[in-house]
Amino acid sequence: MTEIPSKYNPQECEDKWYSFWEEHNFFHAEVDSRRKPYCIVIPPPNVTGILHMGHALNNTIQDILIRFRRMQGYSTLWMPGTDHAGIATQNVVEKEIAQEGLGRQDLGREEFLEKVWLWKEKYGSTIINQLKKLGCSCDWERTRFTMDDGYSVAVSEVFIELAKKNLIYKANYIINWCPRCQTALSDEESQHKDVKGFLYYLRYPLKGEENKYVTVATTRPETMLGDTAVAVNPKDKRYNKLIGRSVILPLVEEEIPIIADSAIDPKFGTGIVKVTPAHDPNDFEIAIRHKLPAKIVMNDDATMNKNAPLDYQDMDRFEAREAIIEDLKERGLVQKIVDYEHSVGHCYRCHTMVEPYLSEQWFVDMKRLGLAAEEVVKKNKIKFHPPRWKKVYLNWMRDLRGWCISRQIWWGHRIPAWYCEDCKTAYDKMRKSEVIASERINLADAGIVISQENPKFCTKCGGSNMKQDEDVLDTWFSSWLWPFATFGWPVLGKKEEEELNYFYPTQVLVTAQEIIFFWVARMIMAGMYFMKEIPFSDVYIHGTVRDITGTKMSKSLGNIIDPLDIIDQYGCDALRFSIISLVATGQDVFLSKEKFGSGRNFANKIWNASRYILSNLDQGRVSPSLESFAREVKDLKERWIISRYYQTLDAATRALENFRFNDAARIIYEFFWHEFCDWYIELAKSTIDTKETQVVLHQILEKTLRILHPIMPYITEDIWQRIPHQGKSIMATIWPEMQKKLVDKKADNQMKTIIACIGAIRNIRSVWQIEQSKEINVKIRVAQKSLENSLAPQASYIQRLAKVGTIEVKKAFKRPKLSAVAVLPDIEIFVPLEGIIDVKKEATRLKQKIKELESLLKNTEARLKNKQFLKKAPVEVVAQTKEKKKEYKDSIKKLKDSLKGF
RNA sequence: GGGCGGAUAGUUCAGCUGGUUAGAACGCUUGAUUUACAUUCAAGAGGUCACAGGUUCGACUCCUGUUCCGCCCACCA
């Protein structure tokens, strides 16, 4: 046996075992009709991703589930991959070329995309390699990317299919526009934040009357340049007579009507609203109802455009706001400005304030797609863990609006729509001259053809001037297909079809709450529509990783803890164990570096216990199976640890099955450290050479390593490989099976008593400050002969662990003089301490104990006197209470007897 | 405006369907150690379970309300 170092060194074994697993292909899953499938699809990290604690938590959970189920015998597939992350990736590459003073327009679409692909080739697998560092047992040979050739086919097929069914449509509508990214965003990508601003009260001169005005209130005065009406509530008596008249829009000096619309809240502001159809979703709706024109007054970059008066053209929207207010003030048209805090959308990628902007975009009809997705969750075909997310999900489903899927960027799936330039130009011209009547665009009239390939000819005019839509699709429009597109759908060979049938629906989706709407809900929609089946049966939502002050970890705040740093310093298993211990179901996780110490200490404990066992193990004497051997085990400590092991196995298995990861971690930790190490190994030292102890030490260690393996894969493999074992790797062993017959309640109780005795003696030692090295003698008086019979043979346990010299266990003997006393149910422990013990002090100590017990006794007695309690409480609770009462009484009596002896 | 989560030891948190004297980790105090492990071992101190009501024989646990923190959703300008 080579010397094993006394400290566990993660660096030495992590890479080694990871390569070993990969070489042996242990992560690979195949269709196996004899076994049940278990499949998880990874939430694909962005190709631009760098491993952060959120990933660490998310993927540790998945790996635990996967390793656990794999050992349970399922054909287990963890499908990995990355997401092309349209805006994020484009931003990264744009930043890179900006260093050479270039913009993407300088390069042109094709050249720019080449750069992005190059970037992806170079850095795109960073995150994958980092997941490997985490120990993730994904089936890497299946790794997919949302812009793979095959995957892209799925995306455009889906677009075409949905468009055919009118579930995708083109519309001229108010969308969230990011002036920095210069693209439309979906509602989910616009994040509301409270912003301190002002409410401006502006006067619009009434037409035909000198010095008469209507006053409107607005938070965004710059949009007034695009006003095409002023509106009041028809029921608002103050303004009834204004309806039908008009005002002169200041600065623009155009006449606009005063209209009545019931959407106006008379209580807000002045009760009069300026209507800006092109820059406000509410106003747009009003415009449709009243057939008002829409006037866009801003460019893509949120500077004022040529529709604005010359003075403001090319000014930024905020600059324009200042200038307009100044100009209105000069004309005496600002009544007042008051402080006002309101919620404004911001781009989720760059945090720029989003501009509501009228533009032509593609939309998915979520309302119709949502019906089936709502149903399956309502009926619990898909279960959320914890269940409260079900409500959140259903709530969101209830008021779905169109999902804007076109993005004005280059990196992504090009929209499979082709425009006849002639028809489209004519159509646009016609629409522009119209007032707004509806938002949807008739594709045929506009000369738009939806098709995978260039259709070459316009179906309307027959012209050949066809051009593909410049836009790409929202990234989530590809990720929502992840659970089935990763299997090759829709182009399925025989093998792919078999695999998809076998592994779909998948079992669990593990993700964070932020992504429920973006991704989870949409995957359910896509699954129900295209596969006619739920994509997964369980959704486990874990908390958000925050720093110790509760702030979300983010690079810009500089409060991140880098998982790779933690792996370096503490080891991967320590990271995994610690983070999983902190994850109470669905609760946010507050992290600080110090918290990883517990995992490191545990790993080291495992290491040293194993080291001790290994150095004492006579490998020729171990038995290959605990089950057969265990029936003949005689000694209490062995019967006890075997019993405890199976109870631990049972509890840990159930915890993992119910997604209670922190419980699983705690249960195994508790068992290994505080039962196996603190008690069993300590006791086993006295019989280390017996076959019984040899087998049990080896077997319990081996079996505990197995149930710990999903949480701490490396150290368990490393040790397992060193002890006698069967098979190639611990990850390929089977999950131990529960042996109810080996749960030995009698042994549990006996050990409990012994542990209590040892605790009491140690306590006396401590109270009287008796050095560890000094042996003491102990007399134990028990209440029944049977207790004497069961306890006496185990006296050596007490001698050993409480450092006791002579020990006497008897039903009857004379109380020794000048003893420290401890009283347990049916047991009195006397430690004669002549010369050490201070009688007065011991008396005080005992009196204190008596007082505590008396107060407990009083409570139990009161309860037992209560007739309602006796009548209504379950019998066993009453019996228990009676038992308690007897116990307290007995203990008090014994303590009082002892006091008399002083 | 709507919804959700949290408030338990000095700190960070467990405590699942109500039932013995409310647990852990870290920190603290005291002590130990040639004999697997100081990333250790033993003992100990430390809690009006946010507050106020209610239901119940019995409430940290269930209900109602209040306060404080945090989060999500929302087109009232």
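Rule-based calculations on the coordinates, nothing more; no lab input. On a predicted model such as this, the values are computed, not experimentally measured, just so you know. Here the Cβ positions follow ideal geometry from the backbone for every residue, glycine too, while neighbour counts run over all protein chains shown.
Summary of values
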read-out: Relative contact order [Cα under 8 Å, 6+ residues apart], the stretch A:224-326, whole percent; value: 25 percent
read-out: Cα-projected label distance for A:Lys685 with A:His342, points at 7 Å along beta-carbon direction, nm; value: 7.5 nm
read-out: Peptides ranked, highest mean first, by Cβ atoms within 10 Å: ranges A:630-637, A:199-206; value: A:199-206, A:630-637
read-out: Length-normalised contact order of the stretch A:747-902 in % [C-alpha pairs under 8 Å, at least 6 apart]; value: 22 percent
read-out: Size of the stretch A:759-902 as Cα extents on the principal axes (Å, biggest first); value: 54, 35, 25
read-out: Principal semi-axes in Å for the stretch A:591-750 [√(5λ), Cα gyration tensor, largest first]; value: 24, 18, 16
read-out: Spin-label model distance (nm) - A:Asn454 vs A:Lys495, 7 Å beyond Cα toward Cβ; value: 3.5 nm
read-out: Residue-wise HN-Hα coupling along the stretch A:188-195, computed from phi with Karplus coefficients 6.51, -1.76, 1.60 (Hz; x: Gly, Pro); value: 5, 7, 9, 9, 6, 9, 6, 10
read-out: Cα Rg, Dmax, the stretch A:741-800, angstrom units; value: 13.3, 44
read-out: Percentage of interatomic Cα-Cα distances in the stretch A:780-849 larger than 14 Å; value: 63 percent
read-out: Cα-based Kirkwood hydrodynamic radius, the stretch A:73-204, one decimal, Å; value: 19.1 Å
read-out: Approximate spin-label separation A:Arg722-A:Ile734, in nm, with each point projected 7 Å along Cα-to-Cβ; value: 2.9 nm
read-out: Convex hull projection area averaged over all views, the stretch A:212-268, Cα basis, nm²; value: 4.1 nm²
read-out: FRET efficiency estimate (nearest 0.05) - Cβ-Cβ, A:Glu100 to A:Cys677, R0 60 angstrom; value: 0.50
read-out: Diffusion constant of the stretch A:179-227 at 20 °C, which comes from Stokes-Einstein with the Kirkwood Cα-pair radius and 1.002 mPa s, µm²/s; value: 152 µm²/s
read-out: Under 12 Å, Cβ to Cβ, from A:Pro736 - net charge with Lys/Arg +1 and Asp/Glu -1; value: -2
read-out: Sorted largest first, extent of the stretch A:506-620 alpha carbons per principal axis (Å); value: 62, 46, 22
read-out: At R0 = 35 Å, FRET efficiency that the Cβ-Cβ distance of A:Glu30 and A:Arg621 yields, to 0.05; value: 0.35
read-out: Fraction of alpha-carbon pairs over 23 Å apart in the stretch A:683-783 - percent; value: 53 percent
read-out: Rg to Rh, two decimals, where the stretch A:701-745 supplies the alpha carbon set and Rh follows Kirkwood; value: 1.03
read-out: Loop-located GluC sites (Glu not before Pro) in the stretch A:193-239 whose Cβ has at most 12 other Cβ within 10 Å (DSSP); value: A:Glu209, A:Glu210
read-out: Distant-in-sequence amide H partners of A:Gly197 (H built 1.01 Å from N, under 5 Å); value: A:Tyr340, A:Glu341, A:His342
read-out: Translational diffusion coefficient (Stokes-Einstein; Kirkwood radius from C-alpha pairs) of chain A at 25 °C, 0.890 mPa s, in µm²/s; value: 73 µm²/s
read-out: Reference-scaled alpha-carbon Rg (2.2 N^0.38 Å with N residues) for the stretch A:1-90; value: 1.40
read-out: Least to most buried among A:Trp410, A:Trp78 (fewest other Cβ within 10 Å first); value: A:Trp410, A:Trp78
read-out: Solution diffusion estimate, µm²/s, Stokes-Einstein, the stretch A:60-128, Kirkwood Rh from C-alpha pairs, 10 °C, viscosity 1.306 mPa s; value: 108 µm²/s
read-out: Under 26 Å between alpha carbons - lysine pairs in the stretch A:665-794 that sit 8 or more apart or on different chains; value: 27
read-out: Sites A:Lys741 and A:Leu856 - FRET efficiency at Förster radius 41 Å, r taken between beta-carbons, to 0.05; value: 0.65
read-out: Extended-chain gain in nm, criterion 0.36 nm per residue less alpha-carbon gap, A:Val839 and A:Asp194; value: 225.2 nm
read-out: Percent of C-alpha pairs per 10 Å bin, the stretch A:95-157, short to long; value: 17, 34, 31, 16, 1
read-out: Unit charges on C-beta of K, R, D, E only; dipole of chain A, Debye; value: 6460 debye
read-out: Cα Rg over Rh - the stretch A:370-490, Kirkwood; value: 1.10
read-out: Kirkwood-type radius of the stretch A:221-355, with distances r between different C-alpha atoms, in Å; value: 15.9 Å
read-out: The stretch A:1-153, Cα convex hull volume normalised per residue, Å³; value: 167 Å³
read-out: Residue-averaged [θ]222 nm for chain A, counting only DSSP H segments that reach four residues, each worth -39500 (n - 2.57); value: -13000 deg cm²/dmol
read-out: Relative contact order, percent, chain A [alpha-carbon distance under 8 Å, six or more residues apart]; value: 12 percent
read-out: Share antiparallel - DSSP beta bridges, chain A, percent rounded to 5; value: 70 percent
